[in-house]
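K.L.:
Let me begin by handing over the structure; questions about it come next.
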Amino acid sequence: MNAPAVNDDARPLADRLRPTHLDEFVGQQHLLAPGKPLRRMLDGGHLHSMVLWGPPGTGKTTLARLVARSCDAEFVALSAVMAGVKDIRAAVDHAKSIRQASGRRTVLFLDEVHRFNKAQQDAFLPWVEDGTVVFIGATTENPSFELNNALLSRARVYVLKSLGADDLMRLLDRALHDEATHGRTVETDPVAVELIAKAADGDGRRALNMLELAIDLATANDPALLSRDIATEVASGGVRRFDKQGEAFYDQISALHKSVRGSDPDASLYWLCRMLDGGCDPRYIARRVLRMASEDIGNADPRALTMALEACETYERLGSPEGELAIAQAVVFMACVAKSNAVYVAFNEAMDDARTLGSLEVPLHIRNAPTRLMKELGYGKGYRYAHDEPDAYAKGEKYFPDSMQPREYYRPVPRGLELKIAEALKKRKG
């Protein structure tokens with residue numbers, strides 16, 4: 001019995017447009033341009049295990065297929081979302097039979113490899129090691145964190161980049177031509193295509209899916225016109241890349257923190273809005289803003305901590321989007337004021353001593369003495385009450401443990417309020 005023929009028109013546009021040769025591949029020229037290491041490897045028919053790391057829609061699966069095709073290797077694709085060790089073993093058995101029958105090698109492609117736990121990753125290492133399969137993993141997450149060292153040592157990591165505007169426009173132009181060959185010709189407003197490319201945010205698959213939907217809407221009209229209105233309607237459902245548990249999340253909060261620390265209010269606002277636009281919980285950002293106030297501003301301008309706390313409270317009262325403005329106000333203020341990490345540094349140094357020097361005794365003269373026995377034992381004896389001293393400062397009084405040399409943890413910076421604090425401390429010590 002013959003299998004039913006596959007209707008090519010029924011396949012999604014992104015699948016129909018999948019390239020069959022490296023020269024058709026869009027983007028990643030830093031890897032695939034003539035003379036680049038990966039291109040040289042493929043042109044020479046050489047294979048090695050690799051991990052393709054990059055954002056969604058950058059061609060990881062397609063590139064894996066092209067790697068296998070260029071080297072005339074069998075291609076076995078699995079997804080770590082659904083596959084388990086049993087599927088890996090079945091793929092290995094298939095690779096062994098192919099090798100025995102024809103001598104061909106097998107590329108075992110594992111999509112979203114970061115979803116395998118470390119034990120599952122170990123399951124196919126022996127067959128990668130002995131050459132039964134050539135492993136290609138695809139991931140949107142940082143391999144340094146998600147893949148075990150044994151696997152990383154056997155596979156080279158290639159970093160794929162988001163598609164640029166020119167790449168996306170070329171991809172969309174090719175797609176429009178492909179649709180025309182399938183009898184779906186539409187007139188297009190160039191600005192409409194640019195809107196779709198922009199909304200795709202570097203994701204080729206998203207761009208093609210939006211274009212396909214836009215063509216569906218356009219062909220329902222007479223005449224068939226892919227207009228700016230249709231493109232705007234389709235693009236309005238797009239969202240910027242923001243993985244709440246992934247690399248983009250930590251990269252963007254790092255960018256926000258460092259922009260505030262670097263006293264750039266405009267960049268700080270940009271990264272704040274990127275995170276909010278991407279769906280980050282404003283409460284999380286508000287908590288990080290509190291941390292910035294202490295870590296990077298400290299006593300140079302204590303108003304920063306007060307403003308950060310008030311931004312948190314304001315957001316709780318107003319919610320989104322009104323409360324987000326208070327967070328933005330705090331971020332801009334903190335980016336503009338004097339900076340000091342003196343308290344942050346002092347705290348870490350003091351904590352290190354507290355952890356490493358052991359349980360040093362509190363000096364007798366500054367111990368609490370609430371009972372007669374304690375007083376008889378010398379608790380509190382000789383303590384000088386600072387408020388009874390000139391300028392409320394007991395010059396020469398010692399507060400560190402007797403067996404510990406006094407430390408200088410807090411070193412105010414010559415900026416903001418800490419400039420005055422430094423002068424006062426210097427006067428006391430003089």
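K.L.:
State whether the residues of segment 222-243 include one that is modelled with pLDDT of 85 or more, touching a Lys or Arg at 6+ places or on another chain (Cβ under 8 Å) and outside any helix (DSSP H, G or I).
P.N.:
Checked segment 222-243: no residue is modelled with pLDDT of 85 or more, touching a Lys or Arg at 6+ places or on another chain (Cβ under 8 Å) and outside any helix (DSSP H, G or I).
K.L.:
Quick check on segment 252-273. Is at least one of its residues surrounded by 14 or more Cβ atoms within 10 Å (Cβ to Cβ) and at pLDDT below 90?
P.N.:
Checking segment 252-273: at least one residue is surrounded by 14 or more Cβ atoms within 10 Å (Cβ to Cβ) and at pLDDT below 90.
K.L.:
Still on this structure, please answer the following. Please determine whether any residue of segment 78-99 is of a type in the set (Lys, Arg), over 21 Å from Arg156 (Cβ atoms), surrounded by 15 or more Cβ atoms within 10 Å (Cβ to Cβ) and in contact (Cβ under 8 Å) with a residue 60 or more places away in the chain.
P.N.:
No, every residue in segment 78-99 fails to be of a type in the set (Lys, Arg), over 21 Å from Arg156 (Cβ atoms), surrounded by 15 or more Cβ atoms within 10 Å (Cβ to Cβ) and in contact (Cβ under 8 Å) with a residue 60 or more places away in the chain.
K.L.:
Report whether or not Ala64 is buried (at least 19 other Cβ atoms within 10 Å of the Cβ), touching a residue at least 60 places away in the same chain (Cβ under 8 Å), in a helix (DSSP H, G or I) and not acidic (Asp, Glu).
P.N.:
Yes, satisfied.
K.L.:
Mind checking which residues of segment 392-402 are touching a helix residue (DSSP H, G or I) at 6+ places or on another chain (Cβ under 8 Å) and surrounded by fewer than 10 Cβ atoms within 10 Å (Cβ to Cβ)?
P.N.:
Ala392
K.L.:
Among the residues of segment 361-368, is any under 28 Å from the mean Cα position of the chain (by Cα) and part of a helix (DSSP H, G or I)?
P.N.:
no
K.L.:
Just one of (1) farther than 14 Å from Val51 by Cα; (2) at pLDDT below 85 trips up Phe145, so point out which.
P.N.:
Of everything listed in (1) farther than 14 Å from Val51 by Cα; (2) at pLDDT below 85, Phe145 misses just condition (1).
Per-residue answers, yes or no, for (1) assigned to a loop (DSSP other than H, G, I, E, B); (2) at pLDDT 85 or above; (3) in contact with a Ser or Thr (Cβ under 6 Å, 6 or more places away or on another chain); (4) more than 30 Å from Ser263 (Cβ to Cβ):
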residue	(1), (2), (3), (4)
Glu349	no, yes, no, no
Pro401	yes, yes, no, yes
Met404	yes, yes, no, yes
Tyr409	yes, yes, no, no
Leu417	no, yes, no, no
Ala422	no, yes, no, no
Lys426	no, yes, no, no
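K.L.:
Something else: Looking only at residues in segment 182-197 that are surrounded by 15 or more Cβ atoms within 10 Å (Cβ to Cβ) and under 35 Å from the mean Cα position of the chain (by Cα), which one is nearest to Gly164 (Cα to Cα)?
P.N.:
Ala197
K.L.:
List every residue pair whose Cβ atoms sit under 9 Å apart, with the two residues 6 or more apart in sequence or on different chains, where the first one lies in segment 280-307 and is under 18 Å from Ala422 (Cα atoms) and the second, anywhere, is acidic (Asp, Glu) and buried (at least 21 other Cβ atoms within 10 Å of the Cβ).
P.N.:
From segment 280-307, the pairs are Gly298/Glu418; Asn299/Glu418; Ala300/Glu418; Asp301/Glu418.
K.L.:
Quick check on segment 408-417: of everything there that is of a type in the set (D, E, K, R) and surrounded by fewer than 15 Cβ atoms within 10 Å (Cβ to Cβ), which residue is farthest from the chain's Cα centre (by Cα)?
P.N.:
Glu408
K.L.:
Starting from residues that are modelled with pLDDT of 85 or more and of a type in the set (D, E, K, R), keep the ones in segment 30-59 and report whichever is surrounded by the most Cβ atoms within 10 Å (Cβ to Cβ).
P.N.:
Arg39
K.L.:
Output yes when any residue across segment 204-218 is surrounded by fewer than 21 Cβ atoms within 10 Å (Cβ to Cβ) and assigned to a loop (DSSP other than H, G, I, E, B), and no when none is.
P.N.:
no
K.L.:
Out of curiosity, is Lys375 part of a helix (DSSP H, G or I) and either of a type in the set (Lys, Arg) or at pLDDT 85 or above (or both)? Before the answer, list the steps.
P.N.:
Numbers: part of a helix (DSSP H, G or I): yes; either of a type in the set (Lys, Arg) or at pLDDT 85 or above (or both): yes.
Considered against the rule, which asks whether it is part of a helix (DSSP H, G or I) and either of a type in the set (Lys, Arg) or at pLDDT 85 or above (or both), Lys375 comes out as yes.
K.L.:
Then there is this: Return only the number of the condition from (1) surrounded by 13 or more Cβ atoms within 10 Å (Cβ to Cβ); (2) without any contact (Cβ under 8 Å) to a residue 24 or more places away in the chain that Gln405 does not satisfy.
P.N.:
(1)
A quick yes/no check of all residues on (1) under 30 Å from Pro126 (Cβ atoms); (2) in a helix (DSSP H, G or I); (3) not assigned by TED's automatic domain parsing to the domain that holds Leu213:
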| residue | (1), (2), (3) |
| --- | --- |
| Phe145 | yes, yes, yes |
| Ala175 | no, yes, no |
| Asp178 | no, yes, no |
| Thr185 | no, no, no |
| Glu194 | no, yes, no |
| Ala199 | no, yes, no |
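The values are calculated or read from the model by the stated rules, or taken from the named source; none is laboratory data. All of these numbers come straight from a predicted model, not from anything done at the bench. As a convention, Cβ positions derive from the backbone with ideal geometry for all residues, glycine included, and neighbour counts pool all protein chains shown.
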